[in-house]
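The next block holds one structure in the form of structure tokens; read it before the comments.
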Amino acid sequence: MVRKLAAGNWKMNGTGASLPEVEALKAALSEPSVDVLICPPATMLSRLSDALDGSAIVTGGQDCHAAGSGAHTGDISADMLRDAGATHVILGHSERRTDHGESDADVRAKAKSAIAAGLRAVICVGETLGEREAANTLSIIGGQLAGSVPDLVTADRLVIAYEPVWAIGTGKVPTTDQIGEVHDFIRAELEKRFGSGVGRSVPILYGGSVKGSNAAKIFAVSNVNGALVGGASLKAADFLPIVEALQAS
Ligand code: PEP
């Protein structure tokens, strides 16, 4: 049984002025039938965790360092995220892979550290447009999974997010057949590597231009267990219809 998850990635957006959006989510989602996660910038994590205390909505970081502590100016450890109230951390987002040159090995090391700290790692994979056009999508995704996901995982410590790089923030969405092909492939890879118990229980999210208007169609695709949402997670009025579509799926 896979527990569904609607996750919001605020990226480098959000200040104290965004707190009313979170209060609105809290008021509207008193007993959600799916998991709901918001990943704000690190500066907002404690404030969101406090604002959401007592609600079913949890918070997460957008990255962590692989080391527990030390001379890494500007970085944040998994323990620090936990201390700020996080239960999850997004790792290997394509913007981190591109902007910061993060490799699969880097993502794997971060995931190990996050899991050891008691966080659930939301590990992102996804092909570029060039890789899709060259018919390399599944081999790219297979390689990213093999390289980024650590060996020792239990289902409650891992989420996979399939985010085609060309669909992030562009308004372009793959066809439901394209999404289904990749999600079925990811499920099969997880089962092959971790056995059917763990492999069938890890949520696989789709991410890339999800909106209230396309969410129901995406959630009807096989092995889509939720969404990782960027732009449409910033406003409660945009994010709530996505959560509602997931609850109805
Ligand atoms: C993301 O950043 O993870 C994302 C999916 O962004 P958007 O929903 O804006 O495409």
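The values are calculated or read from the model by the stated rules, or taken from the named source; none is laboratory data. From a predicted model like this one, the values you see are computed outputs, not experimental measurements. Methodologically, a virtual Cβ is constructed for each residue, glycine included, from the backbone with ideal geometry; neighbour enumeration extends over all protein chains shown. The area values use the complete protein model at the heavy-atom level, side chains included, leaving out ligands, DNA and RNA. Shrake-Rupley method; radii C 1.70, N 1.55, O 1.52, S 1.80 Å.
The figures follow:
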quantity	calculated
Residue within segment 68-79 that is surrounded by 18 or more Cβ atoms within 10 Å (Cβ to Cβ) and not in a helix (DSSP H, G or I) present	yes
Where a residue in segment 89-104 is over 15 Å from residue 147 (Cα atoms) and its partner, wherever it lies, is within 11 Å of the ligand (Cβ to nearest atom) and of a type in the set (Lys, Arg), with Cβ under 9 Å and at least six apart	90/96; 95/11
Hits in segment 55-65 - residues which are surrounded by fewer than 19 Cβ atoms within 10 Å (Cβ to Cβ) and either of a type in the set (Ser, Thr, Tyr) or touching a helix residue (DSSP H, G or I) at 6+ places or on another chain (Cβ under 6 Å) (or both)	55
Selection count, segment 8-54, where residues are free of Cβ contacts under 8 Å to residues at least 60 places away in the same chain, charged (D, E, K, R) and surrounded by 15 or more Cβ atoms within 10 Å (Cβ to Cβ)	2
Which numbered condition residue 173 misses (of (1) closer than 28 Å to residue 130 by Cβ; (2) at pLDDT 95 or above)	(2)
Single match in 237, 161 (criterion: under 20 Å from residue 58 (Cα atoms) and open to solvent by 10 Å² or more (accessible area, probe 1.4 Å))	237
Looking only at segment 3-19, and only at residues there that are away from the ligand (no atom under 16 Å from the Cβ) and touching a strand residue (DSSP E or B) at 6+ places or on another chain (Cβ under 8 Å), the one that is farthest from residue 226 (Cα to Cα)	3
Residue check for residue 202: modelled with pLDDT under 95, of a type outside the set (Gly, Ala, Ser) and open to solvent by less than 50 Å² (accessible area, probe 1.4 Å)	no
Positions within segment 101-125 being surrounded by fewer than 21 Cβ atoms within 10 Å (Cβ to Cβ) and within 15 Å of the ligand (Cβ to nearest atom), in sequence order	102
Scope segment 80-95; condition in contact with a helix residue (DSSP H, G or I) (Cβ under 8 Å, 6 or more places away or on another chain) and not in a loop (DSSP other than H, G, I, E, B); matching residues	81, 89, 91, 94
Which listed residue is within 16 Å of the ligand (Cβ to nearest atom) and small (Gly, Ala, Ser), from 54, 68, 74, 60	60
Hits in segment 175-218 (condition: away from the ligand (no atom under 16 Å from the Cβ), within 19 Å of residue 1 (Cα to Cα) and part of a loop (DSSP other than H, G, I, E, B))	200, 201, 202
Residue 153 of a type in the set (Val, Ile, Thr), part of a loop (DSSP other than H, G, I, E, B), away from the ligand (no atom under 16 Å from the Cβ) and open to solvent by less than 10 Å² (accessible area, probe 1.4 Å)	no
Residue in segment 129-149 that is among the small types (Gly, Ala, Ser), open to solvent by 20 Å² or more (accessible area, probe 1.4 Å) and either within 14 Å of the ligand (Cβ to nearest atom) or in contact with a His (Cβ under 8 Å, 6 or more places away or on another chain) (or both) present	no
Output for segment 43-87, where each listed residue is in contact with a Ser or Thr (Cβ under 9 Å, 6 or more places away or on another chain) and β-branched (Val, Ile, Thr)	43, 58, 59, 87
Residue in segment 219-231 that is over 17 Å from the mean Cα position of the chain (by Cα), assigned to a helix (DSSP H, G or I) and of a type outside the set (Val, Ile, Thr) present	no
